[in-house]
Amino acid sequence: MNVPSMSPFLFVTDLDNTLVGDDAALNRLNQELASHRQKYNSKIVYATGRSLYLYRLLAEAKSLLIPDALITSVGTEMYFDQKHEKYDVEWAKILSQGWNRAEIVEIASQFPELQSQPKSEQNPFKISYYLAESVATETITRLKKALSENGFIIQLIYRAWQDLDLLPSNGNKGLAVKFLRRRWNISAEKTLVCGDSGNDISMFLGQEKGLIVGNAKPELLQWYETNRNDNLHLAQSNCAGGILEGLKHFSFL
Ligand code: GLC
Ligand code: MG
């Protein structure tokens, strides 16, 4: 029988279509998490592809608990203060290695298939485009080649057959979670990461417990099929309902 945990754990979740998407389940989950945080000092973290600007819009529209840390823009910004006013400079320093935004933009500008996303979604360590599915594979291969010929070994993350993010090699959601674990001294076994799409895969690569919601996108389900293991659980329920299922499955609640 699973014994629910009475010790603190680190809870990390993506927002769109993972934490958010089923309001009734979200309310139930919020209650459980808030009470675990109060009793046992568990940590709640959001790891989203959204910029801080788009995060704030969502936080106004939905009832979200105030997180202990906020990771925005696919892991390229991190905030520990409650008002999210100061991004963490130690993390920014790690991201800056091997990265030169202006030069990377210059190389990418030679690819007409790439359409820039709005300004709010660009930041010093994230360059984001829209890219049509029909030309995606071929464009990404050529872009990768052009970048590496210029000495840039960076990450190209394609999500939901639509968004292409260029990120520093040191920056993604998964690496951001590892950074947090080191800072708070929390083991992988005491960490649950939750997601629904391609930009969440980096969180599922380590020893952390991983929860994939029932409504996950095809690219994540495809990845799961070839990478199943005991640390991963594909939920039957969608969104926050799936997260509750995962918290029980891994005996965090
Ligand atoms: C969010 C961001 C966008 C990014 C996408 C995938 O939608 O707003 O910039 O490309 O997530 O990570
Ligand atoms: Mg999502």
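The values are calculated or read from the model by the stated rules, or taken from the named source; none is laboratory data. Please read these numbers as outputs of a predicted model, since none were measured by experiment. All Cβ positions, glycine included, derive from the backbone under ideal geometry; neighbour counts span all protein chains shown.
Structure above, values below:
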| quantity | calculated |
| --- | --- |
| Filter pass, L211 being surrounded by 15 or more Cβ atoms within 10 Å (Cβ to Cβ), over 22 Å from E245 (Cβ atoms) and not hydroxyl-bearing (S, T, Y) | no |
| Number of the exception - K43 against (1) more than 16 Å from ligand 1 (Cβ to nearest atom); (2) within 27 Å of Q122 (Cα to Cα); (3) surrounded by 13 or more Cβ atoms within 10 Å (Cβ to Cβ) | (2) |
| Residue in segment 132-154 that is at pLDDT 95 or above and within 16 Å of ligand 2 (Cβ to nearest atom) present | no |
| Members of segment 4-57 that are hydroxyl-bearing (S, T, Y) and within 16 Å of ligand 2 (Cβ to nearest atom) | T13, T18, Y46, T48, S51, Y55 |
| Residues located in segment 51-99, provided they are surrounded by fewer than 21 Cβ atoms within 10 Å (Cβ to Cβ), of a type outside the set (A, V, I, L, M) and within 15 Å of ligand 1 (Cβ to nearest atom) | Y53, R56 |
| Flag if V74 is within 16 Å of ligand 2 (Cβ to nearest atom), in a strand (DSSP E or B) and in contact (Cβ under 8 Å) with a residue 24 or more places away in the chain | no |
| Top-ranked residue in segment 170-205 [being at pLDDT 95 or above, among the small types (G, A, S) and more than 16 Å from ligand 2 (Cβ to nearest atom); ranked as surrounded by the fewest Cβ atoms within 10 Å (Cβ to Cβ)] | S187 |
| Unique residue being over 24 Å from G198 (Cβ atoms) and either touching an Asp or Glu at 6+ places or on another chain (Cβ under 7 Å) or not aliphatic (A, V, I, L, M) (or both) when the list is E113, E85 | E85 |
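Here's the yes/no breakdown for (1) assigned to a loop (DSSP other than H, G, I, E, B); (2) away from ligand 2 (no atom under 16 Å from the Cβ); (3) modelled with pLDDT of 95 or more:
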| residue | (1), (2), (3) |
| --- | --- |
| H84 | yes, yes, no |
| I94 | no, yes, yes |
| G98 | yes, yes, no |
| E103 | no, yes, yes |
| I107 | no, yes, yes |
| P112 | yes, yes, yes |
| S128 | no, no, yes |
